[in-house]
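What follows draws every value from the coordinates through simple rules; no lab data is involved. Small disclaimer: the values here were computed from a predicted structure and weren't measured. In this analysis, Cβ positions are derived from the backbone assuming ideal geometry, glycine residues included, and neighbour counts consider all displayed protein chains.
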Amino acid sequence: MQSLLYLSSLFYVAHSVTPQAYDGHAGFSYHLPPSLGNVPLAALPLAFAPSEKPQDVVLLEEIRNTLGLYPLYIDSKAFENLSLVFLANARANYSSPGLTDLSPLSTIETGLENSPAKVTTHHSLGTQVIELFGGSTARSVTYVTASHFGIGQYEGQLATAYGQYRDVLSFQRVL
């Protein structure tokens, strides 16, 4: 029996952006729910101290795999497939012009579809911590490096963003 998860929120925090001869898609700043958004980087490990409650490792892996689909759909510009990751009532906040407090899913898809038009992206997920709360809620932090390669008149130009996805997730299992 295989389960599929649909998530309801995504948030992104960038630490720094290193533009390399590209000025069209750099400078990210994102806001998060207080549970993770106001946690400084140095205090983040304490926010995810080892849980005293046992964690459902199968569910953790399902969440990890579902989160891993997001960059695949973004990089391939298959925004219509975000419905395989997010619930219809999903919310996302990128705090970038045109990408703040996006909801429902159709608005997220449209916002992202219009955003990276002048670049090809490559997102690489790194260190990740996921913590479950109850039967349908979790939070996670995932390090991300996003490379933005210019196309058309921007060909040969590159901007690299280093940051974190700090997610507060509610999910629904579909069996």
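Descriptive notes on the structure:
- Computed from phi, the 3J(HN,Hα) profile of segment 122-128 under the Karplus parametrisation 6.51, -1.76, 1.60 (θ = phi - 60°) reads 9, 9, 10, 8, x, 3, 9 Hz, with x in place of Gly and Pro.
- Here is the list for segment 77-175: GluC sites (Glu not before Pro) lying in DSSP coil, each with at most 12 other C-beta atoms within 10 angstrom of its C-beta, are 155.
- The Rg/Rh ratio of segment 124-175, with Rg taken over Cα atoms and Rh as the Kirkwood radius over Cα pairs, comes to 1.22.
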